[in-house]
């Protein structure tokens, strides 16, 4: 596994690097040797340390985890725990979907026998609504009026379905699907 550590508004000490390498070594047995793991750390204005971990798994699957805490080591541990849970969940899903011999090149993960199966998420409510063409500005106003954190609309400029959403940093994001 290839590990890349970046930091913004803070320095990466050898102790931080050793902690991340030690914690990621356990995850490397579930990943292919050429898998890249990117760890980004930053210090925010409120003295929170934010740790983001990204692992591209191939087949257009990207696993990402994020954690924030006043203590950098706590944030690192939380983000790595979330990432390990995502990797286990992804591997379990793959092993169910693919043939038994699909993972012959990789060791069989120990957690498949030890842990009970996690509950699958299910759709508990289905809602239909009219989608009408509008500009991004109009969609922003509609979303604020409804008090939602996202809004689905047909973009009048592109004539495609878009999703406008409220980001964690308070700004807006726009999802524009490609065919």
In segment 40-65, which residues are assigned to a strand (DSSP E or B) and more than 24 Å from residue 93 (Cβ to Cβ)? 40, 41, 42, 43, 49, 50, 51
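Quick grid of which residues meet (1) without any contact (Cβ under 8 Å) to a residue 12 or more places away in the chain; (2) within 27 Å of residue 67 (Cα to Cα); (3) part of a helix (DSSP H, G or I):
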| position | (1), (2), (3) |
| --- | --- |
| 122 | yes, yes, no |
| 125 | yes, no, no |
| 128 | yes, no, no |
| 131 | no, no, no |
| 145 | yes, no, yes |
| 165 | no, yes, no |
| 170 | yes, yes, no |
| 174 | no, yes, no |
Taking the condition of being at pLDDT below 90 and buried (at least 19 other Cβ atoms within 10 Å of the Cβ), how many residues in segment 38-62 meet it? 1
Answer with yes or no whether residue 89 is closer than 30 Å to residue 169 by Cα and modelled with pLDDT of 90 or more. no
Against the conditions (1) loosely packed, with under 11 Cβ neighbours inside 10 Å; (2) part of a helix (DSSP H, G or I), where does residue 21 fall short? Just the number, please. (1)
Pick from 68, 7, 79: which is under 15 Å from the mean Cα position of the chain (by Cα), touching a residue at least 12 places away in the same chain (Cβ under 8 Å) and assigned to a strand (DSSP E or B)? 68
If you take the residues of segment 24-37 that are surrounded by 14 or more Cβ atoms within 10 Å (Cβ to Cβ) and in a loop (DSSP other than H, G, I, E, B), which of them is modelled with the lowest pLDDT? 31
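The values are calculated or read from the model by the stated rules, or taken from the named source; none is laboratory data. Just so it is clear, the model here is predicted, and its values are computed rather than measured. No Cβ is skipped: glycine too gets one built from the backbone with ideal geometry, and neighbour counts run over all protein chains shown.
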